[in-house]
Amino acid sequence: MIKRCICVILTLAMVICGLLTENPVYAASKVTTLKVDKIYRQFDLNHDGKNEELLFKEHHATEWEEDICNYLSVYVNGKKILNVKGIYYKEQYSILLFQMQKKYFLYVNLWGEDGVGPILIYKYEKGTFVKVFDGNKLSDKFGYWGSIAIQSVDKNKIKIKLTSMSYAVASIKLEAKLKYKNGKLVLASKMCKVKNYYNQEECRKNPDLYKKDRKPYLTVARDIQLYKTYNKKSKSIIVKRGEKAKILKCYIGNKRVMYQMKTKSGKQGWFYTDENEAAVINNKLFEEIEYAG
């Protein structure tokens with residue numbers, strides 16, 4: 001991992017704990033948590049009236065220390081059908097199996113350095129698991145140290161929580177939904193809810209405020225150009241350094257990520273961050289945010 005120039009111990013601990021210890025609320029009738037080295041025989045993966053035998057095995061990376069693995073293998077009826085590759089810590093994973101639209105889906109999240117690793121979803125099809133979603137590609141659009149947790153599943157959509165060290169406001173949590181379309185899981189709406197981000201000065205004084213979702217006011221650190229809409233076609237106003245503002249929404253587009261801002265004085269609009277990661281971190285937009293790296 002490329003070392004970032006700004007390293008804040010408090011934020012680092014907060015993010016790691018959030019990624020590794022947060023317990024999403026699963027829909028019990030839809031989502032099953034699975035473990036390695038245990039054989040599961042209760043799933044009829046191809047709906048032929050006969051249950052398959054499902055098993056997961058971790059592969060130790062001999063060139064690394066003892067607790068490091070370099071891939072997770074998936075077996076169906078004794079046959080290896082998939083290797084999920086990624087350097088991660090032994091027994092540090094999340095594996096979920098769920099049904100949607102009468103199809104079985106497999107979610108795999110492997111936790112490596114800084115709690116980061118492959119976040120993938122596969123669909124069972126014709127005797128194998130086919131990748132239909134890459135969570136890293138989604139989370140990398142707006143920050144680093146990204147994690148995606150499944151919150152619940154209904155017959156057509158998957159509710160997810162995205163956690164990241166975002167370029168815009170550092171540590172952030174977003175809520176979105178995925179839908180299955182044309183053989184892939186995609187965002188049901190590119191407009192995501194902002195659930196939480198940190199005013200670190202406030203958090204140090206009263207951390208209990210951040211046990212629940214919170215969108216605090218932040219002090220603008222440099223002038224920010226706002227746009228009338230998330231498509232960035234028409235400029236609006238410039239929010240001046242020193243003004244107080246909060247972040248309301250996040251739009252994850254194909255080319256850029258936009259955030260909706262509202263100042264204490266009532267001014268509102270959309271802004272985006274520089275696509276150069278180092279430039280953003282070294283010239284942050286808000287005074288009270290702290291990047292970890």
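Residues checked against (1) over 18 Å from the mean Cα position of the chain (by Cα); (2) farther than 19 Å from TYR198 by Cβ; (3) of a type in the set (Lys, Arg); (4) assigned to a strand (DSSP E or B):
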| site | (1), (2), (3), (4) |
| --- | --- |
| PRO216 | yes, no, no, no |
| THR229 | yes, yes, no, no |
| LYS233 | yes, yes, yes, no |
| GLY242 | yes, yes, no, no |
| TYR259 | no, no, no, yes |
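Quickly run through segment 201-229 and pick out the residues that are of a type in the set (Lys, Arg) and surrounded by fewer than 12 Cβ atoms within 10 Å (Cβ to Cβ).
As a first pass, look at segment 201-229 and keep what is of a type in the set (Lys, Arg): 204-205, 211-212, 214-215, 222, 228.
Correct list: ARG204, LYS205, LYS211, LYS212.
Filtering segment 178-206 down to residues that are in a loop (DSSP other than H, G, I, E, B) and without any contact (Cβ under 8 Å) to a residue 40 or more places away in the chain, which residue is farthest from ILE247 (Cα to Cα)? Give the derivation first.
Filtering segment 178-206 for residues in a loop (DSSP other than H, G, I, E, B) gives 182-183, 188-190, 198-199, 206.
Now narrow it down to the ones that are without any contact (Cβ under 8 Å) to a residue 40 or more places away in the chain: 182, 188-189, 206.
Values: ASN182: 33, ALA188: 21, SER189: 18, ASN206: 20 Å.
Checked segment 178-206; the qualifying residue farthest from ILE247 (Cα to Cα) is ASN182.
Against the definition (open to solvent by 90 Å² or more (accessible area, probe 1.4 Å) and more than 13 Å from GLU288 (Cα to Cα)), how does LYS232 come out, yes or no? Explain how you work it out, then say what you get.
On the way: open to solvent by 90 Å² or more (accessible area, probe 1.4 Å): no; more than 13 Å from GLU288 (Cα to Cα): yes.
Spelling it out, it is not the case that LYS232 is open to solvent by 90 Å² or more (accessible area, probe 1.4 Å) and more than 13 Å from GLU288 (Cα to Cα).
What do you reckon, is SER189 small (Gly, Ala, Ser), within 19 Å of the chain's Cα centre (by Cα) and under 25 Å from GLU277 (Cβ atoms)?
No: the conditions fail for SER189.
Here are SER94, SER152: which of them is closer than 27 Å to THR62 by Cα and touching a residue at least 60 places away in the same chain (Cβ under 8 Å)?
Values: SER152 fails: closer than 27 Å to THR62 by Cα.
After applying the criteria, what remains is SER94.
Does LEU162 count as surrounded by fewer than 18 Cβ atoms within 10 Å (Cβ to Cβ) and among the hydrophobic types (A, V, I, L, M, F, W, C)? Write out each step before concluding.
Values: surrounded by fewer than 18 Cβ atoms within 10 Å (Cβ to Cβ): no; among the hydrophobic types (A, V, I, L, M, F, W, C): yes.
In short, no.
Could you tell me whether SER139 is surrounded by 21 or more Cβ atoms within 10 Å (Cβ to Cβ) and of a type in the set (S, T, N, Q)? Spell out the reasoning first.
Details: surrounded by 21 or more Cβ atoms within 10 Å (Cβ to Cβ): yes; of a type in the set (S, T, N, Q): yes.
When the stated conditions are applied, SER139 passes them.
Kindly indicate whether LEU248 is within 19 Å of the chain's Cα centre (by Cα), among the aliphatic types (A, V, I, L, M), closer than 16 Å to VAL169 by Cβ and modelled with pLDDT of 95 or more. First the steps, then the outcome.
On the way: within 19 Å of the chain's Cα centre (by Cα): yes; among the aliphatic types (A, V, I, L, M): yes; closer than 16 Å to VAL169 by Cβ: yes; modelled with pLDDT of 95 or more: yes.
So LEU248 fits the description; yes.
How do the pairs read when you match residues in segment 261-289 that are assigned to a strand (DSSP E or B) with residues anywhere that are acidic (Asp, Glu) and surrounded by 17 or more Cβ atoms within 10 Å (Cβ to Cβ), using Cβ under 9 Å and keeping only pairs 6 or more apart or on different chains?
THR263/GLU243
Could you tell me which of the residues LYS38, LYS30, LYS79 is modelled with pLDDT of 95 or more, touching a strand residue (DSSP E or B) at 6+ places or on another chain (Cβ under 9 Å) and either open to solvent by 20 Å² or more (accessible area, probe 1.4 Å) or more than 20 Å from ILE150 (Cα to Cα) (or both)? Walk me through how you get there before you give the answer.
On the way: LYS30 fails: modelled with pLDDT of 95 or more; LYS79 fails: touching a strand residue (DSSP E or B) at 6+ places or on another chain (Cβ under 9 Å).
Answer to the selection: LYS38.
Just to verify a result, which residue in segment 127-141, among those that are over 10 Å from the mean Cα position of the chain (by Cα) and touching a residue at least 60 places away in the same chain (Cβ under 8 Å), is farthest from ASN254 (Cα to Cα)?
Among residues in segment 127-141 that are over 10 Å from the mean Cα position of the chain (by Cα) and touching a residue at least 60 places away in the same chain (Cβ under 8 Å), the one farthest from ASN254 (Cα to Cα) is GLY127.
Could you tell me which numbered condition ILE68 fails, if it satisfies all but one of (1) within 26 Å of the chain's Cα centre (by Cα); (2) modelled with pLDDT of 95 or more; (3) over 28 Å from ILE289 (Cβ atoms); (4) open to solvent by less than 60 Å² (accessible area, probe 1.4 Å)?
(2)
Mind checking which residues of segment 268-293 are open to solvent by less than 70 Å² (accessible area, probe 1.4 Å) and either within 20 Å of the chain's Cα centre (by Cα) or at pLDDT below 95 (or both)?
Step one: filter segment 268-293 for residues open to solvent by less than 70 Å² (accessible area, probe 1.4 Å), giving 269-271, 273, 277-281, 284-286, 288-293.
Correct list: THR273, GLU277, ALA278, ALA279, VAL280, ILE281, LYS284, ILE289, GLU290, TYR291, ALA292, GLY293.
The values are calculated or read from the model by the stated rules, or taken from the named source; none is laboratory data. Worth saying up front: this structure is predicted, and the values here are computed from it rather than measured. A quick note on method: Cβ atoms are made from the backbone with ideal geometry, for glycine too, and the neighbour counts reach across all protein chains shown. Just so you know, the surface numbers come from the protein's heavy atoms only, side chains and all, with ligands and any DNA or RNA stripped out. Shrake-Rupley method; radii C 1.70, N 1.55, O 1.52, S 1.80 Å.
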